[in-house]
Amino acid sequence: MGEEIALFPLSNVVLFPRVRAPLHIFEPRYRQMIEHALGSDRRIGMATVHPDHVSQMGGDPPLYPIGCAANISQAQRLPDGRFHIVLDGTWRFRIADEPPRPAERLYRAARIERLTDPNPPSQRDHVCELRSRILEFVRRLLTHSDRERAQEFTPGLFDGMDDEVFVNTLAQALALAAPEKQGLLEAPGIPERCERLEGLLAFRLAELGLPGTRPTGRLH
């Protein structure tokens, strides 16, 4: 039997391992979830709602099976019971099942299987090439849409990042649709996530009609 984790379903936020995200907690069920987490291991599971079921957010809408566990690294309880929190993504998981919840628990929980994010040494050269192309594609997109930010964007900002932090930071920060980010989260390893991100950026550049770009065909 897998371990159990509290679920925080959102429609527009996809959290990645080793990336940080601030959130405002206001619904009673999730205020209860944060209270319980702060009183135990400070861990919750972020999961993404299928876009076709966003209208069911008030209930228990269907979720993508792959999510990201997170530690609550900071929490500020407001006088009215709401919270400002900061989450640190830790590892991916697959939802195995959702057992029936007791009446006193307002939020969802699931039994899960932990997933790894392998980055084989044999793929190192390939990942280095992907990193270079991803940074170039991001620079070109910023130049097209936000020249001021493009001037601040330098590849050297990412020199000290390992491959997982590099691709996960960009995957979370870039203005991609939630299903696109979910596809990145579901990549089985770091090389595959880099390939998928490169493919998404290449398609975005091609859609904008920027010269010299074409889809790579690597959207798995």
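Could you work out how much longer the chain between Val54 and Arg111 gets when fully extended? Use 0.36 nm per residue separation minus the Cα distance between them, nm to one decimal. Mind showing how you got there, number by number?
Details: separation 57, 0.36 × 57 = 20.52 nm, distance 2.28 nm.
Net length gain for the segment: 18.2 nm.
Determine the calculated [θ] at 222 nm for the chain from helices alone, applying -39500 (n - 2.57) to every DSSP H run no shorter than 4 residues and normalising by the residue count; nearest 500 deg cm²/dmol.
Details: 6 runs with 76 residues, N = 220.
-11000 deg cm²/dmol, from helical runs alone.
Over the chain, what is the relative contact order in whole percent, taking alpha-carbon pairs under 8 Å and six or more residues apart?
For the chain, the relative contact order is 22 percent.
Summing +1 for each Lys or Arg and -1 for each Asp or Glu, what net charge is found among the other residues whose Cβ lies under 12 Å from the Cβ of Ile25?
Numbers: positive: Arg29, Arg31, Arg77, Arg82; negative: Glu27, Glu35, Asp80.
Once positives and negatives cancel, what remains is +1.
Per residue of region 63-74, in order, report the coupling 6.51 cos²θ - 1.76 cosθ + 1.60 (Karplus, θ = phi - 60°) as ³J(HN,Hα) in whole Hz, putting x for Gly and Pro.
10, 5, x, 9, x, 9, 6, 9, 9, 7, 7, 9
Which of Val14, Pro51, His36 sits farthest toward the positive end of the charge dipole of region 1-51, with +1 on the Cβ of Lys and Arg and -1 on the Cβ of Asp and Glu?
Val14
Taking a quarter of the surface of the convex hull around the Cα atoms of region 1-136, what do you get in nm²?
Values: hull surface 42.8 nm².
Directional mean of the projected Cα hull area for region 1-136 stands at 10.7 nm².
Mind checking the angle between helix 124-145 and the chain's longest principal axis? C-alpha axes, 0 to 90 degrees, to the nearest 10.
Around 90 degrees separate the two axes.
Note down the magnitude of the dipole of the chain about its Cα centre, charges +1 on Lys and Arg C-beta and -1 on Asp and Glu C-beta and zero elsewhere, to the nearest 20 debye.
Numbers: 28 positive and 30 negative charges, 51 e Å.
Here the chain has a charge dipole of around 240 debye.
Loop-only trypsin sites (Lys or Arg not before Pro) in region 62-157, please: DSSP not H, G, I, E or B, and at most 11 other Cβ atoms within 10 Å. Intermediate values should be presented prior to the final figure.
Details: sites: Arg77, Arg82, Arg92, Arg94, Arg105, Arg108, Arg111, Arg114, Arg124, Arg131, Arg133, Arg139, Arg140, Arg147, Arg149; in loops: Arg82, Arg105, Arg108.
Here no trypsin sites (Lys or Arg not before Pro) fit, given the DSSP loop and packing criteria.
Relative to the first principal axis of the alpha-carbon coordinates of the chain, what is the inclination of helix 163-173, with its axis defined by its Cα atoms, in degrees from 0 to 90 and to the nearest 10?
The two axes meet at around 80 degrees.
Treat every Asp and Glu Cβ in region 121-207 as -1 and every Lys and Arg Cβ as +1, leave all other atoms uncharged, and give the resulting dipole magnitude about the Cα centre to the nearest 20 debye.
On the way: 11 positive and 16 negative charges, 47 e Å.
In debye, rounded to 20, region 121-207 gives about 220.
With just the Cα atoms defining each centre, how far is region 55-111 from region 170-200? Give it in Å.
Using only Cα atoms, the two centres lie 22 Å from each other.
Using a cut-off of under 16 Å, list every residue of region 21-35 whose amide N is near the label point 7 Å from the Cα of Arg82 along the Cα-to-beta-carbon line.
22-32, 34, by backbone N distance to the label point.
Which is farthest toward the positive dipole end of region 121-207 among Ser132, Leu205, Pro179, measuring Cα position about the Cα centre, with Cβ charges +1 (Lys, Arg) and -1 (Asp, Glu)?
The residue sitting most towards the positive pole is Leu205.
All of the numbers you see were taken from the coordinates with simple rules; none came from a lab. Keep in mind that this is a model prediction, so the values were computed, not measured. Ideal geometry is used to build each Cβ from the backbone, glycine not excepted, and the neighbour counts take in all protein chains shown.
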